[in-house]
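Before any comments, here is the structure.
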Amino acid sequence: MKEKIQQIRQQIEEGLASVSLRKSLFELKMKFLGKTGEITALLKGMRDLPPEERPEMGKVINSAREWAEEAFAAREEELKKAELEDKYASEKIDVTMPAAFSAYGTEHPISMVRRELVDIFAGMGFEIFEGPEIEKDYYNFQALNIPADHPARDMQDTFFITEEFLLRSQTSSGQIRVMEKKAPPIKVLSPGRVYRSDSDATHSPMFHQMEGLVVDKNITLCDLKGLLDEFARKMFSSETKTRLRPSYFPFTEPSVEVDVSCCDCHGKGCRLCKGTGWIEILGAGIVNRRVLENCGVDPDVYSGLAFGMGIERIAMIKYGINDIRLLFENDVRFLKQFKD
Ligand code: PHE
């Protein structure tokens with residue numbers, strides 16, 4: 001029996017030296033100390049011994065069991081420590097390494113220009129009004145003095161949803177919606193998407209406009225000119241000048257086309273301004289009496305000025321973009337060039 005125990009001890013010692021995983025250590029432990037393990041079997045075998053041998057053998061086997069338990073526990077501790085050290089080594093972070101690169105986006109040039117426009121006009125006391133993109137024929141055309149079959153509709157052929165509803169072709173519809181709701185004095189800016197059946201390098205079937213409307217007593221073209229001068233200086237450069245040319249819109253009378261002095265050549269003439277020194281940026285005018293009447297505003301007491309510009313157009317002039325489609329292709333190589 002003592003020999004057997006000696007053998008077991010030796011087997012355990014060899015086994016402990018060769019295991020390196022806690023799982024195999026547990027298996028080894030079960031082989032000797034488990035329910036059907038070898039040491040357990042020795043203890044169970046005690047009942048077959050003659051009673052006088054039992055106390056001594058009991059001592060020997062028990063001390064072997066205690067020794068084995070301690071040996072397994074000690075090895076388990078060692079393995080635990082080693083595993084932890086491996087883990088620390090594999091998860092070690094060098095905090096002095098440069099951070100992993102993560103791509104970040106930039107604001108879209110249209111959003112940038114829109115924000116800039118809002119900032120400039122908000123600084124002059126304008127409020128923002130955003131009208132619906134699916135608009136009634138009445139707000140987009142009729143109330144703006146463009147009745148059915150008026151030839152001015154041709155310039156703004158749009159997408160009709162029903163006879164009555166269409167995708168708005170201009171943010172001027174916002175003028176009517178604001179004047180219907182609010183009595184003068186009015187000073188609003190109405191940015192948003194508009195739609196037209198149009199598509200080439202400078203026209204897109206969907207684009208963005210920014211409408212401005214001021215209604216008060218004694219509003220004249222002088223106010224319009226002063227307002228736009230201030231806007232052009234802030235948007236382009238402090239030297240930028242504006243000029244008004246006669247034009248036609250059914251909802252303004254008189255109507256003007258507004259040019260700014262070329263920001264590239266400062267009026268000398270270059271490719272951007274096609275040699276003229278001037279670049280057209282928006283349409284504007286004094287609100288037609290009929291439009292005021294349509295909204296219940298007395299044209300003998302109040303007058304108004306209105307202007308409307310294409311946000312893409314401003315962005316293209318400001319950043320020298322020659323094809324409007326670049327703004328909608330979502331090519332990040334193009335988009336990331338524009339930063340504040
Ligand atoms: N809505 C006009 C257009 O889209 C621009 C405009 C706005 C003209 C306000 C005059 C006054 O062409």
Any residue at all in the stretch 304-313 that is within 16 Å of the ligand (Cβ to nearest atom) and at positive phi?
no
Return the residues of the stretch 229-259 that are touching a Ser or Thr at 6+ places or on another chain (Cβ under 6 Å) and more than 16 Å from the ligand (Cβ to nearest atom); say none if nothing qualifies.
Asp229, Ala232, Arg233, Thr240, Lys241
How about the stretch 175-197: which of its residues are in contact (Cβ under 8 Å) with a residue 40 or more places away in the chain, open to solvent by 30 Å² or more (accessible area, probe 1.4 Å) and either more than 27 Å from Asp154 (Cα to Cα) or acidic (Asp, Glu) (or both)?
Glu180, Ala183, Lys187
In the stretch 149-158, which residues are open to solvent by 70 Å² or more (accessible area, probe 1.4 Å) and either free of Cβ contacts under 8 Å to residues at least 40 places away in the same chain or within 10 Å of the ligand (Cβ to nearest atom) (or both)?
Asp149, Pro151, Asp154, Met155
Is it true that some residue in the stretch 263-286 is acidic (Asp, Glu), within 29 Å of Glu239 (Cα to Cα) and in contact (Cβ under 8 Å) with a residue 60 or more places away in the chain?
no
Given the structure, is Phe328 away from the ligand (no atom under 16 Å from the Cβ), at pLDDT 90 or above and either farther than 30 Å from Ala143 by Cβ or not assigned by TED's automatic domain parsing to the domain that holds Thr171 (or both)?
yes
Looking at Leu79, Leu43, Leu28, Leu84 in this structure, which one is surrounded by 10 or more Cβ atoms within 10 Å (Cβ to Cβ) and either touching a Phe, Trp or Tyr at 6+ places or on another chain (Cβ under 7 Å) or at pLDDT below 85 (or both)?
Leu43
How many residues are crowded, with 16+ Cβ neighbours inside 10 Å and assigned to a loop (DSSP other than H, G, I, E, B) when one looks only at the stretch 1-25?
1
Out of all the residues in the stretch 239-272, which are under 34 Å from the mean Cα position of the chain (by Cα) and outside any strand (DSSP E or B)?
Thr240, Cys262, Cys263, Asp264, Leu272
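The values are calculated or read from the model by the stated rules, or taken from the named source; none is laboratory data. No experiment lies behind these values; they were computed from the predicted model shown. Neighbour counts run over all protein chains shown; Cβ positions are idealised from the backbone, glycine included. To get the accessible areas, we keep the full protein, side chains included, count just its heavy atoms, and leave off ligands, DNA and RNA. Shrake-Rupley method; radii C 1.70, N 1.55, O 1.52, S 1.80 Å.
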